[in-house]
1. Before we move on, is residue A:102 open to solvent by less than 40 Å² (accessible area, probe 1.4 Å), more than 26 Å from residue A:324 (Cβ to Cβ) and among the polar types (S, T, N, Q)?
2. How many of the residues in region A:292-313 are open to solvent by 40 Å² or more (accessible area, probe 1.4 Å) and either within 26 Å of residue A:338 (Cα to Cα) or without any contact (Cβ under 8 Å) to a residue 24 or more places away in the chain (or both)?
3. Which pairs turn up if I take residues in region A:403-423 that are touching a residue at least 24 places away in the same chain (Cβ under 8 Å) and look for partners that are among the polar types (S, T, N, Q) and within 15 Å of RNA strand B (Cβ to nearest atom) with beta carbon separation below 9 Å, at least 6 apart in sequence or on another chain?
4. Which residue, of A:521, A:544, is near RNA strand B (Cβ under 9 Å from one of its atoms), open to solvent by 10 Å² or more (accessible area, probe 1.4 Å) and among the acidic types (Asp, Glu)?
5. Just a yes or no: is a residue in region A:329-339 away from RNA strand B (no atom under 13 Å from the Cβ) and open to solvent by 30 Å² or more (accessible area, probe 1.4 Å)?
6. Does residue A:511 satisfy the condition of being open to solvent by 20 Å² or more (accessible area, probe 1.4 Å), touching a residue at least 60 places away in the same chain (Cβ under 8 Å) and more than 22 Å from residue A:17 (Cα to Cα)?
7. Contact list please: Cβ distance under 7 Å, first residue in region A:474-485 and closer than 13 Å to residue A:543 by Cβ and among the β-branched types (Val, Ile, Thr), second residue open to solvent by 40 Å² or more (accessible area, probe 1.4 Å) and within 6 Å of RNA strand B (Cβ to nearest atom), pairs at least six apart or on different chains.
8. So how many residues does region A:31-64 have that are crowded, with 18+ Cβ neighbours inside 10 Å and over 30 Å from residue A:105 (Cβ atoms)?
Amino acid sequence: MSNKRPLVETSLTDPIALVSARLGPWLSQRAGGGDIDAVVRPSDHADAQINGALPLAKQLGCNPRDLATEIVDSGQLADLCSETEVAGPGFINVTFSNSVINSLLTEVANDEHLGLRQASNARTVVVDYSAPNVAKEMHVGHLRSTVIGDALVRMYTAAGHRVIRENHIGDWGRPFGMLIEHLLDLGEEVAASGLGQGDLDSFYKAANAKFSESEEFQERSRQRVVLLQGGDEETHVLWNRLVAMSTEYFNTVYEQLGVLLVDDDLMGESKYQPLMPETLARLEASGLMSESEGAKVVFPPGFTNRDGDPLPLIVQARTGGFNYATSDLACVIDRVERLHADLMLYVIGAPQQQHLEMVFAVANMAGWMPDGVSAIHVAFGNVLGDDKKMLRSRSGESVKLVDLLSEAVERAASAVEEKNPSLSDSERADVAQMIGIGAVKYADLSTDRVRDYVFDWDRMLAFDGNTSPYLQYAHARIRSIFRRAADDQVSAGAIAVHEAAERALGLRLLSYPAAVADALESNSPHRLCTYLFELAQLFTAFYEHCPVMKSEGDIRASRLALCDLTARTLSAGLDLLGIDAPEQM
RNA sequence: GCCCCCGUAGCUCAGUGGAUAGAGCAACGGUUUCCUAAACCGCAGGUCGCAGGUUCGAGUCCUGCCGGGGGCGCCA
């Protein structure tokens with residue numbers, strides 16, 4: 001039961017949710033018990049359609065149209081709907097009454113959360129995302145994890161949950177012997193000037209090249225790993241330098257990208273090292289662990305290798321070393337027992353699926369994930385170039401994230417310069433930052449995350465279509481109305497929809513909490529993107545057909561209020577995606 | 001060989017077991033003394049990869065194929 005708690009509290013201002021809540025108990029009583037979903041959905045045929053009569057009629061063995069009629073005649077909908085009609089095999093098409101829409105809109109307009117309620121049963125959600133490697137460049141592969149994770153953090157927080165961000169950086173393991181030796185060879189100051197300025201690739205590559213060329217360097221590196229793992233003080237000082245230089249660099253990227261990650265969120269591989277022996281001991285004690293080919297392993301059922309034999313999760317290598325399976329298991333223990341996580345999200349690429357399934361399976365077998373605790377792999381696909389292959393730079397290397405972001409801002413700046421020359425240099429720079437970064441993020445968030453997507457500058461920066469600039473522009477247009485309205489001493493008032501375009505816009509505004517819920521429940525930010533795009537389209541239709549400043553009295557006050565609510569909804573929705581909404585552009 | 005993911009309009013993508021599968025872009029045709037035309041309206045465009053099955057009802061669920069991508073023991 002505990003894991004059936006809704007992640008987003010049912011909206012009290014969404015008429016679809018109200019109808020659903022109203023009919024649920026009635027249907028349940030009619031069916032003689034059990035939870036019955038009225039299956040209320042937005043409809044092309046009316047404001048909404050109720051589909052629940054069909055499956056229930058089947059269950060009760062009665063005629064679906066008769067049951068639909070019975071539902072209509074029950075009077076349950078009388079105060080919410082101005083029209084109800086039984087259609088087809090047993091659908092009920094409903095039209096919400098304008099007075100209900102008006103009062104709900106006025107209520108939402110006065111709610112700083114726009115109808116989104118705080119979870120009454122807040123969960124503790126750990127979000128594992130970004131995870132760059134120390135002394136290695138951040139590339140487009142980190143973009144997806146960082147951007148999707150950031151959006152999820154913002155959405156869960158907005159829904160009232162306690163969210164713990166964890167940046168599981170790669171700061172431990174075999175390569176660090178080599179990296180520390182290279183640091184010593186270069187001298188710390190030289191290394192600092194390179195790493196600090198974001199030239200991580202050449203540092204790593206140089207170390208790697210030396211490693212493959214020089215046996216002497218290899219030997220030093222091996223010894224250095226031993227020193228590092230043995231807790232040698234001088235080695236740890238050097239290692240700390242290396243980590244600090246990298247994380248400082250990561251922070252500049254996070255700042256440019258506008259994500260919430262800070263140093264307090266760092267929870268690298270190294271942090272779990274001390275927990276590994278105990279993790280192993282607990283596996284041993286549980287009787288799950290066995291030995292295979294010299295390694296300590298656990299065989300979770302249902303996984304097989306190339307030859308069809310059981311596939312082990314290796315928790316201790318033949319050499320005695322721990323690996324990422326061990327640390328991921330230690331991670332589960334830490335998150336459940338120290339952080340008291342209810343829900344653990346792993347924003348990690350799709351190729352890791354089997355590994356994570358095995359880790360979760362073993363953690364479950366060991367009893368480390370009790371009832372009510374769940375772990376979800378929030379998987380994502382690749383970023384592709386226009387050749388439909390993994391995005392690469394012209395030289396064939398992976399694209400540095402910083403280069404990609406600065407190009408986005410440059411492209412946005414020239415677009416803004418062309419379209420709005422009246423902005424000052426500093427205004428243009430600010431706006432270009434919001435548009436450029438927003439475009440990159442939105443392109444990443446607006447399609448189903450599990451699919452690959454094609455990275456296309458022209459499409460993501462277009463001011464038409466399902467893009468961030470389009471949404472930002474819709475917002476900026478509304479804000480410009482209020483700059484003028486301020487001069488006229490007019491203000492927003494109670495909302496009363498009359499025209500079809502007003503009504504359609506108003507209804508969509510009321511479904512903002514449902515859109516957030518949809519996105520959250522499937523950990524799919526693109527559902528929120530789709531909602532915001534449709535909202536922006538409905539706004540432009542409204543703005544086309546319904547004069548705002550040129551209307552008068554209550555109508556103008558109502559339309560101004562609709563404009564204001566739309567701007568706030570766009571801004572809030574974009575904010576949940578980690579995207580800024582400029583006042584002008 | 002086994003397992004996972006993806007396949008929807010020319011292109012990029014939405015689509016919660018519900019009615020006639022929708023947007024955007026591109027193309028075509030319109031709208032401009034009008035609040036930001038960076039817009040809007042219209043028109044066209046589909047064997048939802050293929051074949052079975054479950055269901056009152058399948059793009060959606062199940063099975064098998066085809067095509068693309070990925071994974072499959074001591075790196076993370």
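The values are calculated or read from the model by the stated rules, or taken from the named source; none is laboratory data. Worth saying up front: this structure is predicted, and the values here are computed from it rather than measured. Every residue, glycine among them, receives a Cβ derived from its backbone with ideal geometry; neighbour counts consider all protein chains shown. Side chains included, ligands, DNA and RNA excluded: accessible areas come from the protein's heavy atoms. Shrake-Rupley method; radii C 1.70, N 1.55, O 1.52, S 1.80 Å.
1. So residue A:102 passes the test.
2. Within region A:292-313, residues that are open to solvent by 40 Å² or more (accessible area, probe 1.4 Å) and either within 26 Å of residue A:338 (Cα to Cα) or without any contact (Cβ under 8 Å) to a residue 24 or more places away in the chain (or both) number 9.
3. From residues that are touching a residue at least 24 places away in the same chain (Cβ under 8 Å), the pairs are A:409/A:433; A:412/A:433; A:420/A:584; A:423/A:584.
4. On the way: A:521 fails: near RNA strand B (Cβ under 9 Å from one of its atoms).
One residue alone meets the criteria, A:544.
5. The first filter runs over region A:329-339 and keeps only residues away from RNA strand B (no atom under 13 Å from the Cβ), leaving A:332-339.
When the remaining residues are screened for being open to solvent by 30 Å² or more (accessible area, probe 1.4 Å), the result is A:337-338.
Within region A:329-339, one or more residues are away from RNA strand B (no atom under 13 Å from the Cβ) and open to solvent by 30 Å² or more (accessible area, probe 1.4 Å).
6. No; evaluated as a whole, the condition is false for this residue.
7. Pairs found: A:481/A:549.
8. 4
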